[in-house]
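The values are calculated or read from the model by the stated rules, or taken from the named source; none is laboratory data. Fair warning: this is a prediction, and the values are worked out from it, not measured in the lab. Cβ placement follows ideal geometry from the backbone for every residue including glycine, while neighbour counts extend to all protein chains displayed.
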Amino acid sequence: MAKPLNIGLIGVGFMGRTHSNACNRLNNFFDSPYQPVLKVVCGLEADNPAAFAKQWGYEEHETDWRKVIERDDIDMVDICVPNNMHAEIAIAAAKAGKAILCEKPLALDSAQAEEMVAAVEQAGVPNLVSYNYRRVPAVTLAKQLIDEGRLGKVFHYRSLFLQDWTISAQVPQGGKNTWRLDVKTAGSGVTGDLLAHCIDTALWLNGSITDVSAMTETFIKQRKHAETGEMTDVGIDDACAFLCRFGNGSLGVFESTRYARGHKALYTLEVNGEHASLRWDLHDLHRLEYFDHRDDSTVRGWRSVHVTDHDMPYMKHWWVPGLQIGYEHTFVHQLADFLEAMDRGETCSPSFREALETQKICDAILSSGKSGQWQGTS
Ligand SMILES: NC(=O)c1ccc[n+]([C@@H]2O[C@H](COP(=O)([O-])OP(=O)(O)OC[C@H]3O[C@@H](n4cnc5c(N)ncnc54)[C@H](O)[C@@H]3O)[C@@H](O)[C@H]2O)c1
């Protein structure tokens, strides 16, 4: 019998929806030790949290996040608000003894992330950061193949995250829908928003990153602020490309931009090893492409593995072989893994401490982008 786990969700935007959907779906598909109970949701008055509560099944709604954390009946705080609020909420939630699921990037910078790690470790509360792409079945399968040693020694890791939604100079910065362009709220541009995902996956698949050399650019230097109407300097990186060295001796090439006309969310990764290579593409997320040089030359070539069989990661929980799942399922997987680990008293990856490593690499990238110099990540 699953134990009830009372959830307090903070933030009712894009991620608030994906996380609520995960809570609602979990026990339909996974034999979880916990049954999430949607106790209370918090959003700004303008977000109409009452309507959100009704639509997703929350018992109560709230406009002050502190009241959520003060409640004795909340077991887990789910942080789905813009980046500048993660630290204050997470530290308060840790002090109150709550389990914490926090959206990425963990913080605005690594100094803030350090404080969050100290808070959760001091309080001994379960904690997880929502780098959900690890839990796309095809990406988890890539991890299995790499860990089995199928690729042999890895030489190259290559990753892109491309979008095109800020090309117009008319897009404002700040405010409800464009907070990602305001450095005070977002911390950085594509580095913290998009490359952080690429970095988290890379650390998981290919190990530590020791040094980075980055090039960053802000193509549109001033934008109107959505709240004040004033033209103000843009402080975020619109585009970022960086080279890196991994601890295992391999070389990394990463690029992210919101100025790649025609691309909405093209996240790709490729790993080249001595014996084999693999690549993955978010636009075709249920396939893993794999090339193995050890195959007989008459049939050697890139295979496109449709990741749907029941012996593939997470797939036994869903439909029948041949039928695929999608983006929203990654959030169900992360919740399932988090609650199972919580029940066993174990850490679930990526914890706040692991996400701190990603944050330090983001800081090193931004610093290298300014200085033009190679930068160590520790
Ligand atoms: N894991 C992923 O793939 C992924 C994808 C998108 C966003 N994110 C992260 O999730 C977080 C939220 O992003 P989003 O896309 O959901 O943003 P969003 O703008 O869609 O939603 C944020 C919500 O927080 C609310 N909010 C702002 N201040 C608040 C306050 N004081 N109290 C309560 N609510 C408040 C906003 O009104 C809004 O409803 C960010 O940290 C972002 O980086 C992660």
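Return the total of residues in region 125-136 being more than 13 Å from the ligand (Cβ to nearest atom), surrounded by fewer than 24 Cβ atoms within 10 Å (Cβ to Cβ) and under 19 Å from the mean Cα position of the chain (by Cα).
1
Just need a number here: residues in region 273-288 that are within 22 Å of residue 155 (Cβ to Cβ) and not in a loop (DSSP other than H, G, I, E, B).
Residues that pass the stated criteria total 8.
If you scan region 233-279, which residues turn out to be of a type in the set (Val, Ile, Thr) and closer than 27 Å to residue 181 by Cβ? Before you say what the answer is, go through the steps one by one.
The first filter runs over region 233-279 and keeps only residues of a type in the set (Val, Ile, Thr), leaving 234, 236, 253, 257, 268, 271.
Of everything in region 233-279, those that are of a type in the set (Val, Ile, Thr) and closer than 27 Å to residue 181 by Cβ turn out to be 234, 236, 253, 257, 268.
How about region 99-124: which of its residues are in a strand (DSSP E or B) and away from the ligand (no atom under 14 Å from the Cβ)? Let's see the steps before the verdict.
Start the filter on region 99-124 by keeping residues that are in a strand (DSSP E or B), which leaves 99-103.
Of everything in region 99-124, just one residue is in a strand (DSSP E or B) and away from the ligand (no atom under 14 Å from the Cβ), namely 99.
Listed here are the residues, each with its yes/no results for (1) assigned to a loop (DSSP other than H, G, I, E, B); (2) over 24 Å from residue 240 (Cβ atoms).
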site	(1), (2)
271	no, no
290	no, yes
311	yes, yes
321	yes, yes
325	yes, yes
350	yes, no
357	no, no
367	no, no
370	no, no
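Test of understanding: among 361, 365, which residue is in contact (Cβ under 8 Å) with a residue 12 or more places away in the chain and in contact with a Phe, Trp or Tyr (Cβ under 7 Å, 6 or more places away or on another chain)?
None of the other options fit; the residue is 365.
This table checks each residue for (1) in a loop (DSSP other than H, G, I, E, B); (2) surrounded by 24 or more Cβ atoms within 10 Å (Cβ to Cβ); (3) hydroxyl-bearing (Ser, Thr, Tyr).
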residue	(1), (2), (3)
188	yes, yes, yes
211	no, no, no
241	no, no, no
248	yes, no, no
259	yes, no, yes
262	yes, no, no
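Only residues that are out of contact with any Lys or Arg (no Cβ under 8 Å at 6 or more places or on another chain), buried (at least 23 other Cβ atoms within 10 Å of the Cβ) and of a type in the set (A, V, I, L, M, F, W, C): list them for region 27-50, please.
41
Does region 65-77 contain at least one residue that is touching a Pro at 6+ places or on another chain (Cβ under 6 Å), closer than 27 Å to residue 328 by Cβ and part of a strand (DSSP E or B)?
Our first condition is that a residue be touching a Pro at 6+ places or on another chain (Cβ under 6 Å); within region 65-77, this holds for none.
Checked region 65-77: no residue is touching a Pro at 6+ places or on another chain (Cβ under 6 Å), closer than 27 Å to residue 328 by Cβ and part of a strand (DSSP E or B).
Could you list all residues from region 56-65 that are under 24 Å from the mean Cα position of the chain (by Cα) and either without any contact (Cβ under 8 Å) to a residue 12 or more places away in the chain or within 9 Å of the ligand (Cβ to nearest atom) (or both)?
Listed by number, the list holds a single entry, 65.
Cβ-Cβ under 9 Å, sequence separation 6+ or interchain: first residue in region 66-95 and touching a residue at least 60 places away in the same chain (Cβ under 8 Å) and of a type in the set (Asp, Glu), partner in a helix (DSSP H, G or I) and more than 10 Å from the ligand (Cβ to nearest atom). Which pairs?
Between residues of region 66-95 that are touching a residue at least 60 places away in the same chain (Cβ under 8 Å) and of a type in the set (Asp, Glu) and residues that are in a helix (DSSP H, G or I) and more than 10 Å from the ligand (Cβ to nearest atom), the close pairs are 78/20; 78/23.
Of all residues in region 1-55, which are assigned to a strand (DSSP E or B), over 27 Å from residue 314 (Cα atoms) and either basic (Lys, Arg) or away from the ligand (no atom under 16 Å from the Cβ) (or both)?
39
Between a residue in region 137-157 that is under 16 Å from residue 200 (Cα atoms) and any residue that is among the charged types (D, E, K, R) and assigned to a helix (DSSP H, G or I), which pairs come within a Cβ distance under 7 Å, given they are 6 or more apart or on different chains?
Listed by first residue and then by second, the contacts come to 140/134.
Among the residues of region 75-90 satisfying the criterion of being more than 9 Å from the ligand (Cβ to nearest atom) and surrounded by 20 or more Cβ atoms within 10 Å (Cβ to Cβ), which is nearest to the chain's Cα centre (by Cα)?
Result: 78.
Looking at 188, 110, which is the one that is in contact (Cβ under 8 Å) with a residue 40 or more places away in the chain, farther than 28 Å from residue 315 by Cβ and not assigned by TED's automatic domain parsing to the domain that holds residue 343?
The match here is 110.
From the residues in region 184-203 that are over 13 Å from residue 235 (Cβ atoms) and small (Gly, Ala, Ser), which one is farthest from the chain's Cα centre (by Cα)?
So the residue we want is 202.
Being touching a strand residue (DSSP E or B) at 6+ places or on another chain (Cβ under 6 Å) and farther than 21 Å from residue 84 by Cβ is the filter; apply it to region 162-200 and report the residue that is nearest to the ligand (Cβ to nearest atom).
Looking at residues that are touching a strand residue (DSSP E or B) at 6+ places or on another chain (Cβ under 6 Å) and farther than 21 Å from residue 84 by Cβ, I get 198.
From the residues in region 351-378 that are within 14 Å of the chain's Cα centre (by Cα) and polar (S, T, N, Q), which one is surrounded by the fewest Cβ atoms within 10 Å (Cβ to Cβ)?
351
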